[in-house]
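Below: the structure, in structure tokens.
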Amino acid sequence: MSRIRSRTKKIAIIAIAAALIVGGGGAAFAYWTSSGTGTGTATTGTSTALTVSSSAPTGGPLSPGGPSQSVAFAVANPGSGSQNLASVVVSVATSTGALWNAVPGCSAADYALGTPVIAYGPIAGGGSVSGTVSVTMNALASDQDACQGIVVPLYFIAN
């Protein structure tokens, strides 16, 4: 009988050990489920004004009904994000955009501008696009002597 008890005792110990292993292993896989919410923010920047610069004109001097000059210009995006260039308008005007007639007998009406030639569309942050515009002197029926030797101011608007 002592053999049976010893054997029963061994079986009981093995059964208890197995139950602890299985029970302990099962606890390792137990978990809770849950859900939650939260908030966050992002900040949107603003556009930066495009800048326009121009170069000295190329071509011969302007004269009534004579050849045109070509003025190269560049539209730059000083901002960090891409901005769209939809139009460029050029006029004979002062640096504030006011109609130019600073010289008696010579005004903006004495000159004509061609359509600006430039690639419209997105300009990457820090990038620029180049273009040209032609300037001619109108042949008017009036005396245009006051326009001789005049530097014609151009005003650019880039949108």
Checklist entry - Somewhere in region 130-139, is a residue in a loop (DSSP other than H, G, I, E, B) and either modelled with pLDDT of 95 or more or in contact with a Pro (Cβ under 9 Å, 6 or more places away or on another chain) (or both)? => result yes
Next on the checklist: For the structure I just gave you, tell me whether residue 59 is free of Cβ contacts under 8 Å to residues at least 24 places away in the same chain and either touching a strand residue (DSSP E or B) at 6+ places or on another chain (Cβ under 6 Å) or among the aromatic types (Phe, Trp, Tyr) (or both).
Outcome noted: yes
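The values are calculated or read from the model by the stated rules, or taken from the named source; none is laboratory data. Note that this is a predicted model, so its numbers are computed, not measured. Backbone-built Cβ (ideal geometry, glycine too); neighbour counts: all protein chains shown.
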